[in-house]
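Visitor: Handing you a structure now.
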Amino acid sequence: MDINALRSRFDFAHQVIRDAGAHANGYFRDLSQLNIESKGLQDMASQADIETEQLILGQVGERFPEDAFFGEESGGIAPKAGQGVWVVDPIDGTAPFVKGIPVWCVSIAFMVDGRLQFGLIYDPTHDELFSALHGHGAHLNGRKITPDPSTSIQDGRFCIGFSHRTSPASVTTVLHAHLEAGGMYTCLGSGALGLVYVACGRYIGYYEAHINSWDCYGAVAILREAGAHVVEAEAGNGLTEGCEIIATTPGVTEAFAEILEKARTTG
């Protein structure tokens, strides 16, 4: 897919994600409208999630019917060779969303032949739009962003996520080793926001033992263009099965790798 085709999709995605954010935010302002269903332990979907994904799917399907779609709520299949695929989480951070906590976002990524080409993360409650097109840098509301320049784990906060798809030990051993090294952590409630906060320098890193593609792919594209260090989240069956996610500001990459190694050795 040439740059003109990518650019047309990237530009289109800016309007789609704002439309989706506005739709979801309408529910957020009046949570009494919501119908909520459980998808498992500490995992849920709301009417807002489903409708917002359908809005994105409908607009993408109308404009680019040749593209594949992979969404948290509607699912999808792995794309054919050469076929672009939109990877979408309509509301990342549903748990805080349904409790009225303004820590959620809409995430859109686009990939071709197993490689991310662009990503957008939109936080409607703060009107913050993070975006990146491969080879063109990362931006927040049009301003270029870069990671924090810290060179020590002790100089900033890590965001550490967890889901019950993994064992409690997968996070507690890392937390213990991280704190022993003099670090501090936050659990935000939205993996996508936690990751882009690394890209723009608010956190020095993000770790989660398992994260789904729709939760992280938009942010991974942004992290790479910002200059952060992030794992190859698309490797293997990452699109369909998820992956371990590690993102760091370059100055603490080696130090956090040592923390992970210690956690795995002692855990």
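Visitor: Within segment 176-194, is even one residue within 13 Å of the chain's Cα centre (by Cα), over 29 Å from residue 113 (Cβ atoms) and not β-branched (Val, Ile, Thr)?
Guide: Yes, there is a match, as at least one residue in segment 176-194 is within 13 Å of the chain's Cα centre (by Cα), over 29 Å from residue 113 (Cβ atoms) and not β-branched (Val, Ile, Thr).
Visitor: Inside segment 65-101, can you point out the residues that are farther than 15 Å from residue 213 by Cα, more than 17 Å from the chain's Cα centre (by Cα) and of a type in the set (S, T, N, Q)?
Guide: 83
Visitor: Related question: Which members of segment 129-138 meet the condition of being within 23 Å of residue 248 (Cβ to Cβ), buried (at least 16 other Cβ atoms within 10 Å of the Cβ) and not hydroxyl-bearing (Ser, Thr, Tyr)?
Guide: If the condition is that a residue be within 23 Å of residue 248 (Cβ to Cβ), buried (at least 16 other Cβ atoms within 10 Å of the Cβ) and not hydroxyl-bearing (Ser, Thr, Tyr), then 130, 132, 133, 134, 138 are the ones that fit.
Visitor: Checking the conditions here, which among 205, 189, 201 is modelled with pLDDT under 95 and buried (at least 16 other Cβ atoms within 10 Å of the Cβ)?
Guide: From the options 205, 189, 201, the qualifying one is 189.
Visitor: Out of curiosity, is residue 155 closer than 25 Å to residue 112 by Cβ, out of contact with any Cys (no Cβ under 9 Å at 6 or more places or on another chain) and not hydrophobic (A, V, I, L, M, F, W, C)?
Guide: On the way: closer than 25 Å to residue 112 by Cβ: no; out of contact with any Cys (no Cβ under 9 Å at 6 or more places or on another chain): yes; not hydrophobic (A, V, I, L, M, F, W, C): yes.
It is false that residue 155 is closer than 25 Å to residue 112 by Cβ, out of contact with any Cys (no Cβ under 9 Å at 6 or more places or on another chain) and not hydrophobic (A, V, I, L, M, F, W, C).
Visitor: Given 43, 49, 2, which one is of a type outside the set (Gly, Ala, Ser), at pLDDT below 95 and in contact with an Asp or Glu (Cβ under 7 Å, 6 or more places away or on another chain)?
Guide: 49
Visitor: For segment 148-263, which fully contained strands (runs of 3 or more DSSP E) count at least 1 residues that are in contact with a Ser or Thr (Cβ under 9 Å, 6 or more places away or on another chain) and in contact (Cβ under 8 Å) with a residue 24 or more places away in the chain? So that I can check it myself, show each step before the final result.
Guide: Details: elements: 157-160, 184-186, 205-211, 243-248.
In segment 148-263, the matching strands (runs of 3 or more DSSP E) lie at 157-160, 205-211, 243-248.
Visitor: Looking at segment 139-152, is at least one residue within 26 Å of residue 24 (Cβ to Cβ), charged (D, E, K, R) and buried (at least 23 other Cβ atoms within 10 Å of the Cβ)?
Guide: No, that holds for no residue.
Visitor: Test each condition in (1) surrounded by 17 or more Cβ atoms within 10 Å (Cβ to Cβ); (2) polar (S, T, N, Q); (3) out of contact with any strand residue (DSSP E or B) (no Cβ under 7 Å at 6 or more places or on another chain) for residue 170 and report the one that comes out false.
Guide: (3)
Yes/no matrix, rows are residues, columns are (1) surrounded by 24 or more Cβ atoms within 10 Å (Cβ to Cβ); (2) more than 26 Å from residue 141 (Cα to Cα):
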{"residue": "212", "(1), (2)": "no, no"}
{"residue": "221", "(1), (2)": "yes, no"}
{"residue": "226", "(1), (2)": "yes, no"}
{"residue": "229", "(1), (2)": "no, no"}
{"residue": "247", "(1), (2)": "yes, no"}
{"residue": "252", "(1), (2)": "yes, yes"}
{"residue": "262", "(1), (2)": "no, yes"}
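Visitor: Which condition does residue 135 not pass, out of (1) over 16 Å from the mean Cα position of the chain (by Cα); (2) outside any loop (DSSP other than H, G, I, E, B), if it passes all the others?
Guide: (2)
Visitor: Restricting to segment 68-91, name every residue that is surrounded by 18 or more Cβ atoms within 10 Å (Cβ to Cβ) and assigned to a loop (DSSP other than H, G, I, E, B).
Guide: Across segment 68-91, the qualifying residues are 72, 73, 76, 79.
Visitor: For segment 20-36, which residues satisfy the criterion of being surrounded by fewer than 16 Cβ atoms within 10 Å (Cβ to Cβ) and closer than 19 Å to residue 57 by Cβ?
Guide: Those that are surrounded by fewer than 16 Cβ atoms within 10 Å (Cβ to Cβ) and closer than 19 Å to residue 57 by Cβ: 22, 26.
The values are calculated or read from the model by the stated rules, or taken from the named source; none is laboratory data. The structure presented is a predicted model; accordingly, all values stated were derived computationally and were not measured. For neighbour counting, all protein chains shown are included, and Cβ atoms are generated from backbone atoms with ideal geometry for every residue, glycine included.
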